[in-house]
Each structure stands twice: as structure tokens, then as C-alpha cells.
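The values are calculated or read from the model by the stated rules, or taken from the named source; none is laboratory data. Note that this is a predicted model, so its numbers are computed, not measured. Counting neighbours? That spans all protein chains shown, and the Cβs are built from the backbone with ideal geometry, glycine included. Just the protein is used for accessible areas: all its heavy atoms, side chains included, with ligands, DNA and RNA removed. Shrake-Rupley method; radii C 1.70, N 1.55, O 1.52, S 1.80 Å.
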Amino acid sequence: NKCVLNMCDSMNSRGPDNYGNWLRDDGLVAFGHRRLAIIDLDERANQPMHTNDNRYVIIFNGEIYNFNELRETLQDDGYVFKTYSDTEVILALYSLEGEKMLSKLQGMFSIAIWDNLLETLFLARDPYGIKPLYIARSKHCWLFASQVKALIASGVVSKERDIEGQLSFWLLGSVSDPLTWFKDISALPAGSWAKITRDQIFDGPHQYFDIG
């Protein structure tokens, strides 16, 4: 998918270690990922990452601090891991618990998981919003990325400016979530998750954590 390749190219500085992409056979979903390898440097830990049964596909940006403890618990319950990465731990937890697994994650993250069975996209952001996650609506599809410039680089997202987003910047010195500088791009709020269905219905955001 050319627009996904363009998005990843715009974030070349984000991950010099590896570039990975996945396109579903029917072209319904495409994932692209730039990886800066920190945990488990082996190629088997590259993303997008699939479950053994290929039901779930994940791309993930961030670091889970308690992944070793979570991994040990899952292993005790019989889960067999292929890597030593925190990415696979997230994938395993989601396959067992769905969005309820978010309360177990300690760290900074933005997550995208595609479910090939239910044909839904799951998106989530860490409780404090350390890792960004932006979502855009084009004429024909939804897109997401960790940087606004990547969505613009796709070539299918409008560059029309958002007056409220600009006003927020000039008054506060930054653009407050969920606003951005562009009308068709919004930020998933900190501590929230959302789902997008095959029919392009957006469900969310749902808050799972409130620092207040």
C-alpha cells in the first residue's frame, strides 16, 4: 500500500533498525512499522507481529516495564512464546483478555491490533499519553500513526487547518488533545482505547484510566 509506505518513509529517523509491513490478502488492512530495537534484537521480534494462529496482528510503539512479570505469568498458564519481546506479551494478553489487558500494562505505549476474525482494529494509548497516537479520516479509509506528519505524508489526508487547534496553540502554547493543527486528524486521548470496524465505524474513545 503506497500511502503506508509514504507514511513510514516520513518517519525514517524513528526506527533505523528495521522496517516491516503487512497487507491483508484482500487489501482491507495495511500496517507499516519502523523499529528502533531495544528489547530482543532478533529479527523474530520485528513488527508487524502475528499470533501463531494469525488471528491477531500488532504494531506497537513504546516500552512495557513489567513485561517480564507478565510473561512469566502467561508461561505458567501454558502460553508458549517465540520471542523475548514486550510486543509479544501485549499480543498474548490481548488474545486472552481483549481491552481489559490494558490495566495490567505498566509503561508508555501506543498500540494497534487487528483482529482477523472479528475484522476490527483496536487502538490504545498509555495512561499518561507519553506515546502519541493520531487518527485521521480520509474519503475512503481510516489511518493512524505516531506522528501527524506521517498522516499528511500518506497523500490521502486533507491538509485543511483546524481553527480550534490553532487557537489552542496560540493561547496555550500547544495543541490540546484531541485537537491537532489539521481538521481531519485527532489524537486518541491519554488512557483511552478505540475500535474501528470493517464497515469503518469508529467506536470510542473509551477511557480506561483517569489521572484525575
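The figures follow:
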read-out	value
LYS2 vs. criteria modelled with pLDDT of 95 or more, over 15 Å from the mean Cα position of the chain (by Cα) and not polar (S, T, N, Q)	no
Index of the failed condition, VAL157 passing every other in (1) of a type outside the set (Asp, Glu); (2) in a loop (DSSP other than H, G, I, E, B); (3) surrounded by 21 or more Cβ atoms within 10 Å (Cβ to Cβ); (4) within 13 Å of the chain's Cα centre (by Cα)	(4)
GLU63 vs. criteria at pLDDT 95 or above, closer than 21 Å to GLY129 by Cβ, acidic (Asp, Glu) and under 19 Å from the mean Cα position of the chain (by Cα)	no
Residue pairs meeting the criteria (Cβ under 8 Å; at least 6 apart or on separate chains; first charged (D, E, K, R), in the range 129-145; second in a loop (DSSP other than H, G, I, E, B) and open to solvent by 40 Å² or more (accessible area, probe 1.4 Å))	ARG137/ASP184; LYS139/VAL156
Subset of the range 163-202 (residues that are within 18 Å of the chain's Cα centre (by Cα), open to solvent by 30 Å² or more (accessible area, probe 1.4 Å) and of a type in the set (S, T, N, Q))	SER186, THR197, GLN200
Flag if MET101 is under 13 Å from the mean Cα position of the chain (by Cα), at pLDDT 90 or above and aliphatic (A, V, I, L, M)	no
Test set (1) under 16 Å from the mean Cα position of the chain (by Cα); (2) β-branched (Val, Ile, Thr); (3) over 30 Å from VAL156 (Cα atoms) - ILE130 fails condition number	(3)
Test result for LYS149, under 13 Å from the mean Cα position of the chain (by Cα) and in contact (Cβ under 8 Å) with a residue 12 or more places away in the chain	no
Residue check for ASP115: among the acidic types (Asp, Glu), at pLDDT 95 or above and within 16 Å of the chain's Cα centre (by Cα)	yes
